[in-house]
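J.: Below are the structure tokens for one structure; questions will follow.
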Amino acid sequence: MSAITTGAAPRASLAKLRQRRDRWGWLFIAPFLVVFIVFLVAPLGYAFWLSLWQKGLVGGARFTGLYNYVRVFTDPVFLQGLRRVAYYVLVMVPIQIGLATIIAMILDTLTTKLARLSRLLVFLPYAVPAMIGALMWSFLYSPNFGPITGLFKQFGLTAPNILAPDNIFGALVNVVTWQWVGYYMIIIFSALKAVDPSLYEAALLDGASTTQTAIHVKLPLIVPSLIMCTVFSLIGTLQFYTEPTILRAAAPSAIPVTYTPNMYAANVAFSRGLFNYASTIAFSLGIIVFIGSYLFLFLTRKQSGLK
Amino acid sequence: MKKQLIAAGVAGMLALSLAGCAGSSGGGATTNPSDTSTSAPANNGAACDNTITKTNLPQVTVWAWYPAFGPVVDLFNQTHDDVQICWTNAGQGGGEYDKFTTAIQAGTGAPDVIMLEFETLSSYTIQNALVDLTKYGINDIKSNFTAGAWKDASVGSGVYAVPVDGGPMGLLVRKDIFDKYNVPIPTTWDEFATAAKALKDAGYPGYITDWPSNGESQLLALYEQANAGASGFTYDAANPQQLGINFNTAGTKKVQEYWYNLVKQGVVANDDAGTTDYTTAMVNGTYASYISAAWGPGYLSGASGGSSDAVWQAVPLPQWDKANPVMVNWGGSSFAVTTQSKQPELAAKVAMGIYGDMDSWKIGVEQAALFPTYLPMLTSDYFKNLPYPFFNGQMINADVFLAAGQGYTGVVYSPFTPYVRSQLDQANAAMMQGQSDADTTIDNFQATLVQYAQDQGFTVTQG
């Protein structure tokens, strides 16, 4: 651009043009911006403001600055919840992304009608609302109503209680994986479809097997999509709430009300009425999610093409 | 010029979206001008779950989740020409409490009258959310209620709710199972432990009962029974900074030890309460008895999947010392008036009037299986001699619950019941996973409560 604008007069008119264009730009993003400010920025600001005040059940509210944050990061219940979701991230994210990638690759190689049907079936759980999905699983896991007890009985075995405290981790990993693999699969699948087929042809001519093509040609090309899926999965898992909340109805002592940081925040606010501390918990979790996703994007900046 | 136009456009959109919010929360007032001319209810945007025919009268909004409450509301509205009830079912227990807590924080949105369980009253008086009804003449009807219910509705010298139903405790047993294995039905806790083993030894595949890790309300009542009826808390709304916490008593530890051992011996189940599986196990013969309250029969007869040959019987709750029986209570609820109400006097009148006559109580007893705290009903021959089909016609009130209800003297609840309950749950779950023994569980529980109370600004006295 600078190469074209040499004289002083054209530069001024260009600036005017850009200014005019900017105005129209603002108008076009206004509908989004208004909703964004009213329903996201303003509540966030209010929550942050609340988190700067301390208010117990007795005594009035006192402005204590960042003291609530000191309390949160030394609160064993919050830290335990945080460790729990970190563990979920370590186990659940690789399983989800790994499964989604493998399925997408397989479906990409197949071109039969069956492949199209399978794609739909893998995606289907994502179309089920998370609430309904979790509710359904809580019945499938149930020792009295679920099919698992009967299945084990067929072989003369006693079924493990999936809703017991020791097993609830795997139970929740399964529910979330079932729900989300299809969604990530579709993203990865569309990335695969965008790859230039001539590359496969070249690989084929070079004598690469299907597996080799998958690993050495396809995988490097879809890395940006994989990274995007991982970030989604990371954020979703750190904010783990819906599935444990629903499953809690079937396994109350395996999933306490403070199981994840988000559940803890909801409990502190709506059950105990301590909105200031709850805001602090929510904000602290937000900061951790932000740091976590930023760190991940920073570490993968080369692969994702951000740099 | 253009800039101004855009700015105006943005402002207009903002105003529109804001107006949208306002319209949805307070729409009722503008669409129905007749309401505003009379006394406007506090929650004037709410749509009623009932139909109000006398639309020219002032309305009082009520949140409640009693079963068969619709007919009671209709009866009240038919028989009153000065006020009408606009009833909303805002969720059962926790669902309603979450909404109420949020409304308190928001400073708007609460109803005039709200159904609250006794155990939650002081958790709301501490947030200045409830009106002391002594100002509106509740002491005039004190003689209508049992002493226990009156104490439960009071926080210190203030009375913050009108008692409705109670939950005097008893034992509901599967007589057919006890008979089949030739085990006598226990009357003391020692006999209960013996019977638990005897049933197992005789080949009964189930358990004498279930001790759920999350059965905190039931367990708190069982602690009270071993502590001569004391709840472990001392608290008075007139002195809200002071809180006494005294859980680690010999009585509490005895109860905890008792159940811990029975579960460890495998003669009592340790399944979570409140799940669908639990309800099924309760009626299909997995448990031979249910430590329950007067509302228990309603809960059991509503459960499906029960064995058709089951023979249920209600017997008094086992005692530690038969010579000095202690009656305890599990559950029970009341109507309170919120401080957000703009018409507290009218609201108090409604709160006192809803279950304030025999006709309403007939609906409450017959259709909702409530146990009245209202003495005219409680002491009536009708109630005493009422046969219960679920118990093959046994007159369970005369046999068990009347004595239990009148022997109950009321307890003091903490001003943070939700916290107490969730902590006891977690302490018990940790104990059953082998993280602590019965004794340390109670000591830790006490320490956790004291710590929390101090964090919240209370001056705590122990012991």
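The values are calculated or read from the model by the stated rules, or taken from the named source; none is laboratory data. These figures come from a predicted structure and were not determined experimentally. Note that we place each Cβ from the backbone using ideal geometry, even for glycine, and neighbour counts take in every protein chain shown.
To keep it simple, each residue is scored yes or no on (1) out of contact with any Cys (no Cβ under 6 Å at 6 or more places or on another chain); (2) buried (at least 17 other Cβ atoms within 10 Å of the Cβ); (3) closer than 30 Å to B:VAL326 by Cβ; (4) within 14 Å of another protein chain (Cβ to nearest Cβ).
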position	(1), (2), (3), (4)
B:GLY94	yes, no, yes, yes
B:ASP98	yes, yes, no, yes
B:ALA106	yes, no, no, yes
B:GLU117	yes, yes, yes, yes
B:ILE126	yes, yes, yes, yes
B:ASP140	yes, no, no, no
B:GLY148	yes, yes, yes, no
B:GLY158	yes, yes, yes, no
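J.: Step by step: first the residues of region B:449-463, then only those that are at the interface with chain A (Cβ under 7 Å from one of its Cβ atoms) and in contact (Cβ under 8 Å) with a residue 12 or more places away in the chain, then the one that is surrounded by the most Cβ atoms within 10 Å (Cβ to Cβ). Which residue is that?
T.: Restricting to residues being at the interface with chain A (Cβ under 7 Å from one of its Cβ atoms) and in contact (Cβ under 8 Å) with a residue 12 or more places away in the chain, the top hit is B:PHE458.
J.: For residues that are over 30 Å from the mean Cα position of the chain (by Cα) and small (Gly, Ala, Ser), tally how many sit in region A:169-213.
T.: Number satisfying all stated conditions: 6.
J.: Here is a further query. Going by what's in this entry, would B:ASP437 be described as among the acidic types (Asp, Glu) and in contact with a Phe, Trp or Tyr (Cβ under 9 Å, 6 or more places away or on another chain)?
T.: Yes.
J.: Let me ask you something else. Take B:TYR258 and decide whether it is closer than 22 Å to A:ALA164 by Cβ and either at pLDDT 95 or above or crowded, with 17+ Cβ neighbours inside 10 Å (or both).
T.: Taking the combined requirement at face value, the residue does not satisfy it.
J.: If you don't mind, another one. Condition check: among the aromatic types (Phe, Trp, Tyr) and either within 30 Å of A:GLY81 (Cα to Cα) or modelled with pLDDT of 95 or more (or both). Does B:TYR388 satisfy that?
T.: So B:TYR388 does not fit the description; no.
J.: Do we find a residue being within 20 Å of B:ASN428 (Cβ to Cβ), of a type in the set (Phe, Trp, Tyr) and over 22 Å from the mean Cα position of the chain (by Cα) anywhere in region B:222-232?
T.: No, region B:222-232 contains no residue that is within 20 Å of B:ASN428 (Cβ to Cβ), of a type in the set (Phe, Trp, Tyr) and over 22 Å from the mean Cα position of the chain (by Cα).
J.: I would also like to ask the following. Any residue at all in region B:408-419 that is polar (S, T, N, Q), assigned to a helix (DSSP H, G or I), closer than 23 Å to B:SER292 by Cα and touching a helix residue (DSSP H, G or I) at 6+ places or on another chain (Cβ under 8 Å)?
T.: Yes, the conditions are met somewhere in region B:408-419.
J.: Here are A:ALA269, A:ALA251: which of them is closer than 17 Å to A:SER138 by Cβ and either more than 15 Å from the chain's Cα centre (by Cα) or crowded, with 24+ Cβ neighbours inside 10 Å (or both)?
T.: Every option except A:ALA251 fails the conditions.
J.: Would you say B:PHE371 is out of contact with any Ser or Thr (no Cβ under 9 Å at 6 or more places or on another chain), surrounded by 18 or more Cβ atoms within 10 Å (Cβ to Cβ) and free of Cβ contacts under 8 Å to residues at least 40 places away in the same chain?
T.: no
J.: Just to be sure before I move on: is A:ARG21 of a type outside the set (A, V, I, L, M), under 24 Å from the mean Cα position of the chain (by Cα) and either away from chain B (no Cβ under 11 Å) or at negative phi (or both) in the structure I sent?
T.: The answer is no for A:ARG21.
J.: Still on this structure, please answer the following. Just wondering, is there one or more residues in region B:389-406 that are among the aromatic types (Phe, Trp, Tyr) and in the same structural domain as B:ALA230 (by TED's automatic domain parsing)?
T.: So far as region B:389-406 goes, no, none of its residues is among the aromatic types (Phe, Trp, Tyr) and in the same structural domain as B:ALA230 (by TED's automatic domain parsing).
J.: Taking into account only those residues within region A:94-119 that are in contact with a Gly (Cβ under 9 Å, 6 or more places away or on another chain) and among the hydrophobic types (A, V, I, L, M, F, W, C), which is nearest to A:LEU226 (Cα to Cα)?
T.: Within region A:94-119, the match that is nearest to A:LEU226 (Cα to Cα) is A:ALA100.
J.: Can you name the residue in region A:45-73 that is among the β-branched types (Val, Ile, Thr) and part of a helix (DSSP H, G or I) and, of all such residues, is surrounded by the fewest Cβ atoms within 10 Å (Cβ to Cβ)?
T.: Once the filter is applied, the top-ranked residue is A:VAL70.
J.: Given the conditions (1) surrounded by fewer than 13 Cβ atoms within 10 Å (Cβ to Cβ); (2) farther than 30 Å from B:ALA237 by Cα; (3) in contact with a Phe, Trp or Tyr (Cβ under 9 Å, 6 or more places away or on another chain), and given that A:ALA15 satisfies all but one, which numbered condition is not satisfied?
T.: Looking at each condition in turn, A:ALA15 falls short on (3).
J.: Step by step: first the residues of region B:414-438, then only those that are more than 23 Å from the chain's Cα centre (by Cα) and surrounded by 15 or more Cβ atoms within 10 Å (Cβ to Cβ), then the one that is nearest to B:PRO212 (Cα to Cα). Which residue is that?
T.: B:MET432
J.: Hey, another quick one. In this structure, does A:TRP137 turn out to be within 26 Å of A:PHE189 (Cβ to Cβ) and within 14 Å of chain B (Cβ to nearest Cβ)?
T.: yes
J.: Are any of the residues in region A:15-32 under 30 Å from B:VAL460 (Cα atoms) and either at pLDDT below 90 or out of contact with any helix residue (DSSP H, G or I) (no Cβ under 9 Å at 6 or more places or on another chain) (or both)?
T.: Taking every residue of region A:15-32 in turn, none turns out to be under 30 Å from B:VAL460 (Cα atoms) and either at pLDDT below 90 or out of contact with any helix residue (DSSP H, G or I) (no Cβ under 9 Å at 6 or more places or on another chain) (or both).
J.: Sticking with this structure for a sec: Any chance you could count how many residues in region B:200-215 are within 12 Å of another protein chain (Cβ to nearest Cβ) and either hydroxyl-bearing (Ser, Thr, Tyr) or farther than 23 Å from B:ALA427 by Cα (or both)?
T.: Final tally of qualifying residues: 1.
J.: Which residue, of A:ALA86, A:ALA42, is modelled with pLDDT of 95 or more, surrounded by 11 or more Cβ atoms within 10 Å (Cβ to Cβ) and within 12 Å of chain B (Cβ to nearest Cβ)?
T.: After applying the criteria, what remains is A:ALA42.
J.: May I ask you to verify whether A:ALA208 is in contact with a His (Cβ under 9 Å, 6 or more places away or on another chain) and not basic (Lys, Arg)?
T.: The answer is yes for A:ALA208.
Let's see how each residue does on (1) without any contact (Cβ under 8 Å) to a residue 24 or more places away in the chain; (2) hydroxyl-bearing (Ser, Thr, Tyr); (3) over 17 Å from B:ALA293 (Cβ atoms):
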residue: B:ALA106; (1), (2), (3): yes, no, yes
residue: B:LEU121; (1), (2), (3): no, no, yes
residue: B:THR125; (1), (2), (3): no, yes, yes
residue: B:GLY137; (1), (2), (3): no, no, yes
residue: B:PHE145; (1), (2), (3): no, no, yes
residue: B:VAL159; (1), (2), (3): no, no, yes
residue: B:GLY167; (1), (2), (3): no, no, no
residue: B:GLY170; (1), (2), (3): no, no, no
residue: B:LYS175; (1), (2), (3): no, no, yes
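J.: Do the conditions hold for B:ALA64, that is, is it under 19 Å from B:PRO372 (Cα atoms) and modelled with pLDDT of 95 or more?
T.: Yes.
J.: Which of the residues belonging to region A:257-275 are in contact with a helix residue (DSSP H, G or I) (Cβ under 6 Å, 6 or more places away or on another chain), facing chain B (nearest Cβ under 10 Å) and not small (Gly, Ala, Ser)?
T.: Once the filter is applied, which keeps residues that are in contact with a helix residue (DSSP H, G or I) (Cβ under 6 Å, 6 or more places away or on another chain), facing chain B (nearest Cβ under 10 Å) and not small (Gly, Ala, Ser), region A:257-275 yields A:VAL257, A:THR258, A:VAL268, A:PHE270, A:ARG272, A:LEU274, A:PHE275.
J.: Check every one of the helices (runs of 4 or more DSSP H) wholly within region B:234-353 and list those with 1 or more residues that are β-branched (Val, Ile, Thr), more than 14 Å from chain A (Cβ to nearest Cβ) and in contact (Cβ under 8 Å) with a residue 24 or more places away in the chain.
T.: In region B:234-353, B:250-264, B:344-353 are the helices (runs of 4 or more DSSP H) which contain 1 or more residues that are β-branched (Val, Ile, Thr), more than 14 Å from chain A (Cβ to nearest Cβ) and in contact (Cβ under 8 Å) with a residue 24 or more places away in the chain.
J.: Of B:GLY434, B:GLY393, which residue is at positive phi, within 14 Å of another protein chain (Cβ to nearest Cβ) and modelled with pLDDT under 95?
T.: When all the criteria are applied, what remains is B:GLY434.
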